[in-house]
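Bear in mind that the values in this text are calculations on the coordinates, not laboratory data. Keep in mind that what you see is a predicted model, and the values were worked out from it rather than measured. Reconstructed Cβ throughout: ideal geometry from the backbone, glycine too, with neighbour counts over all protein chains shown.
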Ligand code: SD4
């Protein structure tokens, strides 16, 4: 296969698989493989605007995609007003704020933490896991102990506002995520730097009032985030269980490898969730870029949006949706 791929790339050709409309068909199509080198940042939801601004600032100074991804999402982790990421995140049903995050660099390295408590910047702990340990993922108490060893400080992440929301929830204690209204929006952020390299990060406090110990898709490499510097990157937001069951971000990057555009790949990712049934009451949003700087986004329901930054521009874009 690799011989075949290098043979094709010598010819400037790649194999293109066609989506649902033409499943099983394989075409040969010429494709421009030159990477986009102007700088591109994509991130989920409107908190992506300040995150993109910071990531793009780093890229414009010649910084790496992975530094830009980490520093971009840290802006959102540090904002106590946001109730879906980092400090201020809505707690689980026991009143504990538990955080999930991961990061991937342009060399295929990955780091992740899940079920992490009392640490302000889970993405930076994930970065330390990637850079300083032989492992990919640390969880719970072990992740916290590692963070403290690395010099991170204990921080109380439960703000008065989120505590009050939990106390209100306890009155009925019914777990009913409401599509796009639950104010519970993960940030997944993808970067393409001026050297044409791709990286990404994803960080969240997970679904509001989840069971204690529940871990979503966001820290799982291939589910909430996947980056392959030869091809592109993808990230997910929404009901993590559906993304986990379809390994959505990995799927989207692999579809791009087969020649799907980022848009076609995101649409196929959503279709896999639809095919599993039970999709009407949940929201999923996928966001992807390829090495050529093309962008794709697709959601189950209307309401998903994302921030797109290129030099001199940082704007919100509404994603198309299946329903
Ligand atoms: C999770 N995917 O923990 C996250 C939550 C999320 O918008 O993205 N909400 O399942």
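Key figures for this structure:
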{"item": "Helix axis angle, 248-257 relative to the chain longest principal axis, alpha carbon, degrees", "result": "10 degrees"}
{"item": "Crossing angle, helix 262-275 versus the chain [Cα axis fit, 0-90 degrees, rounded to tens]", "result": "60 degrees"}
{"item": "Additional length obtainable on full extension of the chain from residue 316 to residue 212, 0.36 nm per residue less Cα span", "result": "34.1 nm"}
{"item": "Sorted peptide list for 76-85, 228-237, criterion being average Cβ within 10 angstrom, highest first", "result": "228-237, 76-85"}
{"item": "Simple label model, 7 Å out from Cα along Cβ direction - residue 136 to residue 168, nm", "result": "3.9 nm"}
{"item": "Calculated diffusion of region 94-134, Stokes-Einstein form, Kirkwood radius summed over Cα pairs, 20 °C and 1.002 mPa s, µm²/s", "result": "204 µm²/s"}
{"item": "Cα pair distances exceeding 17 angstrom across region 188-266, given as percent", "result": "44 percent"}
{"item": "P(r) of region 269-314 over all Cα-Cα pairs, binned every 10 Å from zero, in whole percent", "result": "22, 45, 24, 9, 1"}
{"item": "Expected 222 nm ellipticity per residue - DSSP helices of 4 or more, -39500 (n - 2.57), all of the chain, to 500", "result": "-9500 deg cm²/dmol"}
{"item": "Tilt relative to the chain, helix 160-172 - C-alpha long axis, 0 to 90 degrees, to 10", "result": "80 degrees"}
{"item": "Computed over the chain, the ratio Rg/Rh where both radii use C-alpha atoms and Rh is Kirkwood", "result": "0.97"}
{"item": "Ranked list, fewest to most other Cβ atoms within 10 Å of each Cβ, for 43, 321", "result": "321, 43"}
{"item": "Whole-angstrom Cα spans of region 181-323 along principal axes, big to small", "result": "42, 27, 26"}
{"item": "Difference of contour (0.36 nm per residue) and Cα-Cα distance, residue 153 to residue 93", "result": "19.1 nm"}
